[in-house]
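K.L.:
I'd like to ask some things about the structure below.
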Amino acid sequence: MNVKEEEFISQYSAAVSKKKLIKEKLIKYFFMINSLAAIFLILSIFIFLLYESYRAFEQIGIGEFIGKEISTPGGTAKTIYQWYPTSEEPRYSIISLLVGSLLTALPATLISALFGIAVGIYLSEIASSRSREILKPVIEIFAGIPTVVIGFIMLAIGATVFNDLFHPPNRLNAFLASIGLSIICIPIVASLTEEALRSVPNELRMASYSLGANKWQTIKNVILPAAISGLSAAIILGFGRAVGETMIVLMASGNAAELTFNIFRSMRSMTATIAAEMGEVSFESNHYYALFVIGMVLFVSTFILNLIAELILNKMRKKLRS
Amino acid sequence: MSDIKDKLGMKSKQLGGIAAIGSIKSLTLIIFLVLFLILGKIFVEGIEVINWDFLIDSPRNNMTEGGIGPAIFGTIAVSILMLLFAVPIGVFSAIYLNEYATDNLLTRLIRASVNNLAGTPSIVIGLFGFGFFILVVGKSIDHILQTGLLFGQPAMLWASATLAVLILPTIIVTTLEALNSIPYSQRAAAYGLGATKWQTIKYVVIPQAKPGILTGVILSLSRGTGEIAPILFLGCAFFLPELPIAQINMGLFSIPMINPTDQFMHLAYHIFILATQSTNPALTMPIQYGTTLILIMITLLLNLAAIIYRYKFRKTLEITGKG
């Protein structure tokens, strides 16, 4: 609502009856209460996770969530990083799950950055306007494929193909999951890249061409540098999506709760752990609270990633406006 | 001599450019090819098992035979309930944000919350749904109404409420876009005719923004139908012999109604269970492909409908924008 409108309405309001005014006010507050739902939800998610995590720290101890020190037969203490909350001597190391999440999300981000940016450049700079009009909805439709379907494809086809190609030590592994993740991240990175490139003003392209640059030189030296912050925001958001994704990792990663840095081994991510264990955990047990700690770590890390992307995009918008 | 060098340099630069653009094109081609191959494979394998019986039958013989009728029913029921929760709240919030709100702290907070909600991992929303809806809200309802253990357990009601939280940001953002694209001149004309703010919204803004709002609703329906992670532990059942239907007694006759306090089967959960936890995955492979094809067809058709509606919306805007 701009100033003009407000002024107009205040003059106008004086003329209408009081009853009508009250009705208008009531309608306004009705809409406002509805819009408070988003604040209420995000706050209660945060408070809820915080409260349950606090209970976990109280009952288990913060140190346990990093690693557990056990004494080996030789007498030396050794820290192990394992997630075995149901064993006799429960272990709650989130480190192994964190590494698991990164082991799938980082390769997925690399792959989707490569392909996603290429598709974005193609759509924005190379494709004719007609093929762009066809391909853009197709990308959107790909982004709408349910993740459980990708997980299923990875199990039914992907696992066999990769087994024959690479002979990994585990049939289901981090690499397989990250290929699956990149299928959902590529459309995201591609459409955000396309958006960022299209927001580069056309004058810059024209100026570059008039200086004798060809298409690739223009893309490489003018458009990509101008849109670089948009591209990095796209990659960060793709990474956030990959970290937060559940079904693909749950189905394709093998779910072994060992700390590993080998991409061809079975591992387990934070999201998959919550998904696999929440249904069986007994209410208000230590294990139950521990799952909320994972939820808290996930929530905070995606929150920070989104915040960074948002800040970068805001900066870019300001720069492009001036 | 230097002339030749320059020319050679130009040539190699041009060649490099052609190579770069060529590789961009081929990377794009690879992605589209891979995705079409995946969809094609699902279609070819899935279409073989799909027939009328497959769509309405219950699973039989330890899930190795029979159909997916209850799963289709459960998916539709959950999605309808989800929309009932999310659409009013989402559309009303967007109307407030676009039509009423001034740029103050509250508005900025609401917008930031919507953005954050959109970025929250779905499994975290599921965790919240489990802890908040079932253990806090459900248990309280049970306590107040003295219903024993009816609401305080995983059920369709809470699954759809959780999915509603998931799709709420999508609905708000798309509705905002639709409302925002209605030119201000339209509103000014309504005010000029003596309409109040609410009359303007009701008779001028919303009718024009309708196709745009519908686009958002369909898109979020498609997202909610395919998303299973948040409701894995919120009432999805491996196998239910009976549909979650309750007969509401109206004296002379009874009306069958979806029973929101029941557990349910779900297409996406069915795929997940058959692919990872069945005793013989190879035996159920045809059913897995069939179920996947049905789920994909539902989400793709919804997406297609959304794209068509958006196209229509843009056409309307072109007309009103000129007028």
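K.L.:
Relative contact order, percent, of chain B when contacts are C-alpha pairs under 8 Å separated by at least 6 residues?
P.N.:
25 percent
K.L.:
While we're looking at this one, here's another question. Suppose every Lys and Arg Cβ carries +1 and every Asp and Glu Cβ carries -1, with no other charges. What dipole size does chain B come out with about its Cα centre, to the nearest 20 debye?
P.N.:
That gives a dipole near 1480 debye.
K.L.:
Same structure, new question: Take the alpha carbon gyration tensor of the range B:90-234, find the square roots of its eigenvalues, order them as a ≥ b ≥ c, and report rounded if a/c is under 1.5; if not, report prolate when a/b exceeds b/c, else oblate.
P.N.:
prolate
K.L.:
With the cut-off at 25 Å, tell me which of the pairs B:41/B:312; A:4/A:25; A:136/B:25; A:28/A:318; A:4/A:28; A:319/B:315 have Cα atoms farther apart than that.
P.N.:
Too far apart for the 25 Å limit: B:41/B:312; A:28/A:318; A:319/B:315.
K.L.:
Could you work out the mean count of beta carbons from other protein chains within 10 Å of each residue's beta carbon in B:124-137?
P.N.:
Partner-chain Cβ atoms within 10 Å, mean over residues of B:124-137: 6.
K.L.:
Taking the 0 to 90 degree range and rounding to the nearest ten, how far is the long axis of helix A:286-321 tilted relative to the main principal axis of chain A, both from C-alpha atoms?
P.N.:
It works out to around 30 degrees.
K.L.:
Compute the distance from the alpha-carbon center of the range A:156-194 to that of the range A:220-260, in whole Å.
P.N.:
13 Å
K.L.:
Another question about this same structure. With point charges of +1 on the Cβ of Lys and Arg and -1 on the Cβ of Asp and Glu, referenced to the Cα centre of the range B:1-158, which listed residue (B:126, B:12, B:84) lies farthest in the positive direction of the dipole?
P.N.:
The residue sitting most towards the positive pole is B:12.
K.L.:
Setting aside same-chain residues fewer than 8 positions from residue A:220, which aspartates and glutamates have a Cα under 19 Å from its Cα?
P.N.:
A:125, A:194, A:195, A:203
K.L.:
Can you list the residues, at least 5 places off or on another chain, whose amide H is less than 5 Å from the amide H of residue B:151, using H built in the peptide plane?
P.N.:
Answer set, sorted by chain and number: B:142.
K.L.:
Build a GNM of chain B with springs between Cα atoms under 10 Å: which of B:30, B:231, B:172 gets the top mean-square fluctuation?
P.N.:
Top of the fluctuation ranking is B:30.
K.L.:
Rounded, prolate or oblate: which fits chain A, taking a ≥ b ≥ c as square roots of the Cα gyration tensor eigenvalues, rounded meaning a/c under 1.5, else prolate when a/b beats b/c?
P.N.:
Here chain A falls in the oblate category.
K.L.:
Moving on to the next point. In the range A:172-269, which chymotrypsin sites (Phe, Trp or Tyr not before Pro) are in a loop and have at most 16 other Cβ atoms within 10 Å, using DSSP for the loop call?
P.N.:
Those that pass, being in a loop and sparsely packed, are A:261, A:264.
K.L.:
Averaged per residue, what accessible area in Å² does the protein assembly as shown show with a 1.4 Å probe, protein chains only?
P.N.:
Solvent-accessible surface per residue comes out at 47 Å².
K.L.:
Quick one: how many Å² of residue A:58 are accessible to a 1.4 Å probe, rounded to 10?
P.N.:
120 Å²
K.L.:
Continuing with this model, one more query. Please build a GNM for chain A, connecting alpha carbons under 10 Å apart, and tell me which residue among A:269, A:35, A:129 fluctuates the most.
P.N.:
Taking springs between Cα atoms under 10 Å, the residue moving most is A:35.
K.L.:
With +1 on each Lys and Arg Cβ and -1 on each Asp and Glu Cβ, how big is the dipole of the protein assembly as shown about its Cα centre, in debye rounded to the nearest 20?
P.N.:
Around 2780 debye, computed over the protein assembly as shown.
K.L.:
Hey, what did the range A:30-184 get for relative contact order, percent, Cα under 8 Å, at least 6 apart?
P.N.:
18 percent
K.L.:
Over the alpha-carbon set of the protein assembly as shown, work out the extent along each principal axis and list the three values in angstrom, largest first.
P.N.:
91, 72, 58
K.L.:
If you place +1 on the Cβ of every Lys and Arg, -1 on the Cβ of every Asp and Glu, and leave all else neutral, what size is the dipole of chain A about its Cα centre, to the nearest 20 Debye?
P.N.:
The dipole of chain A has a size of about 1400 debye.
K.L.:
Which helices, taking whole DSSP H runs in chain B, have alpha carbons extending 24 angstrom or more along the helix axis plus mean Kyte-Doolittle at least 1.0?
P.N.:
Helices meeting the criterion: B:2-47, B:69-95, B:156-180.
K.L.:
Shape verdict for the range B:52-322, please, from the Cα gyration tensor: rounded (a/c under 1.5), prolate (a/b greater than b/c) or oblate.
P.N.:
Verdict is prolate for the range B:52-322.
K.L.:
Given springs between every Cα pair under 10 Å in a Gaussian network model of chain B, which of B:33, B:301, B:219 has the largest fluctuation?
P.N.:
Most flexible of the set in this elastic network: B:33.
The values are calculated or read from the model by the stated rules, or taken from the named source; none is laboratory data. As the structure is a prediction and not an experimental result, all values here were calculated from the model. Reconstructed Cβ throughout: ideal geometry from the backbone, glycine too, with neighbour counts over all protein chains shown. Please note that ligands, DNA and RNA were not included when accessible areas were found on the heavy atoms of the full protein model with its side chains. Shrake-Rupley method; radii C 1.70, N 1.55, O 1.52, S 1.80 Å.
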